[in-house]
Structures are given as structure tokens and as C-alpha cells.
Amino acid sequence: MGHTTAILTAAGSGLRLGHPEPKALVRLHETPLLQHAARRLVMSGVIDHLVVTAPDGHESICRALLPEADVVVGGATRQESVAAGLARVPDSSDVVLVHDAARPLASPELIRRVVAAVRAGHRAVVPGVPVTDTITAVDPGAEGATAARGTVPRAGLRAVQTPQGFDRTVLDAAHAAHRLDGGLVTDDAGLVELLGEPVWLVPGEESAMKITTARDLALAELLLGAES
Ligand code: C5P
């Protein structure tokens, strides 16, 4: 059996959520998002070590919430936070999972599915869900009435979620190669793609939705209510 570390990114702000405190510390049914996500990682039974990237100045509260985790201060961007977490992955770990505290309800089944796919030999694995909106391209920065630059056939698209699972050497190489990509890449699978390494999808789930706005939080409250 191999050894798996999960890096839980939690260093983002709560700005778009309209909260003064960092998003990962916002409560969903009394429990901070960070703790919801961490509990599900532990419940999956496939995570041996947990690293949390905490918002600057909130390390001790994160330690108090998650005494079993290795808490590090995150960076200015998500990519920098993941890099800070990667530096704390024990040598014994051959698989690394990167998961967002902003997706607090990703299920233990989904976590197991991703880790199983990596252990089956796929070196980079992400959950993906079909897209329900029609997606069209626009010029970068476009606002207001603007020219549509081409609609992409929806059947060939998936929205990518976390947790994302990687062979440890692939994730290390992706971060080492693209430390300064200018912020164009929004997740770790994107960095791995830049290496030319194939990325694989497994079925994602509705409950792994990302909480960005107050509306997302209200929806997560409903989903959690339906779960219990
Ligand atoms: O802001 P957004 O929801 O896209 O962030 C995704 C995840 O990355 C969140 O869990 C957030 O806490 C984390 N993050 C981070 N460090 C940053 C920015 C975001 O760990 N500097």
C-alpha cells in the first residue's frame, strides 16, 4: 500500500462571499468549511497525512480546528499556497491530493474514486461534471454588449472540480516548471497539462460544487440538510 497526503487549500479571502473572515472559516450549519472538507478527507479512509494551507494570521485557529493536520501559511495565490503545502509532503507519500476548502461537501466516495484512479496508474486525475450552460468565447476583459467569438459544443466539455489526485513526482515537476506562469493556470491539473502529461477525468458530483458567493453557501446548506 502506498502513502497519500492531501493538501487542503484554505488561504483564500471571503471577499466574493461578502464575509470579513477568510472563506474557509465561514460556517455551514455551525461548522467551518475547512472542517467539513477535512472531515470528509479523513472519512474517506485513503488519506494518511493532511496538510492545510492557512490564511496568514489564522494558523492557530486552523490548528485548533484540525489538531491532526500539519498547518502551513498559504501564499498570495492558490498556486503559491499549493507550493507551500507541497513542501510539507512527507518523503513517504507517493500520491498527493489537492483539495479546496471551498468545496466542503465533496464526498468520501469521490475522494476514494480519485485516489483509486491514481493508484491504478493514471498520474493526474480530476473530477469532471457535464456542463449545462451553453459556453461561448469572448475577448479577454470584455464587458457589456460584446462579440461572441465562437460557441464550444457543450457535449465535449466538463467542469473540473477538486479533489485532484497526482503521482507525487508529476505534481512536483509541474510546480517546479511553472512557478511563474502569470496566473493563467487556475488549477494543478492545468500545470500538469503544460508539462505535456495526460490528465484523466473521473465522474465528479454536484455536492463537490465550489462555494464562491452567498448563493452558493445557501445552496450548500440545502445539500447538507438533504444529506443528514
Ligand atoms: O478563491 P477560490 O475559491 O477560487 O479559491 C479556491 C481555493 O484555493 C480555496 O479553498 C481557497 O482557500 C484556496 N486559496 C489558497 N490561497 C490563495 C487563494 C486561494 O489556498 N492565495
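The values are calculated or read from the model by the stated rules, or taken from the named source; none is laboratory data. Please read these numbers as outputs of a predicted model, since none were measured by experiment. Here Cβ is always computed from backbone atoms with ideal geometry, including for glycine, and neighbour counts include all displayed protein chains. Ligands, DNA and RNA are stripped out before the accessible areas are found, and what is left, the full protein with its side chains, is counted by its heavy atoms. Shrake-Rupley method; radii C 1.70, N 1.55, O 1.52, S 1.80 Å.
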Report for the chain the percent antiparallel among DSSP-assigned beta bridges with both residues inside it, nearest 5. 40
Tell me the carbon and sulfur percent of the accessible area for the chain, rounded to whole percent, probe radius 1.4 Å. 55
Sequence-distant residues sharing a close amide H with A159 (under 5 Å, placed H): V129, V131
R154 versus E21, label points 7 Å from Cα toward the beta carbon: distance in nm? 3.8
Charged-residue dipole, Cβ positions (Lys, Arg, Asp, Glu), the range 1-137 about Cα centre, Debye nearest 20: 320
Cα-only radius of gyration and Dmax that characterise the range 19-168, units Å: 17.8, 54
For A226 and A64, extending 7 Å from Cα along the Cα-Cβ vector and measuring point to point gives, in nm, a value of 3.5
As a percent rounded to 5, the proportion of antiparallel DSSP bridges among beta bridges in the range 111-228 is 65
Please name which of V82, A37, L223 has its Cα lying farthest along the dipole of the chain towards the positive end, using unit charges on Cβ (Lys, Arg +1; Asp, Glu -1) and the Cα centre as origin. L223
Roughly how many whole Å is it from the C-alpha centroid of the range 124-182 to that of the range 35-54? 25
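If you wrap a convex hull around the Cα atoms of the range 1-93, how much volume per residue is inside, in Å³?
Hull volume normalised by residue count: 95 Å³.
Just round it to a whole percent: the fraction of Cα-Cα distances in the range 114-208 exceeding 17 Å.
Working: 2666 of 4465 pairs.
Above the 17 Å cut-off, the range 114-208 has 60 percent of its Cα pairs.
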Within the range 148-216, which trypsin sites (Lys or Arg not before Pro) sit in a loop by DSSP and count at most 11 neighbouring Cβ atoms inside 10 Å? R149, R179
Rounded to the nearest 20 debye, what is the charge dipole size of the range 1-69 about its Cα centre when +1 sits on each Lys and Arg Cβ and -1 on each Asp and Glu Cβ? 220
What 222 nm value per residue comes from the helices of the chain, counting each DSSP H run with n ≥ 4 as -39,500 (n - 2.57) and dividing by all residues, nearest 500 deg cm²/dmol? -9000 deg cm²/dmol
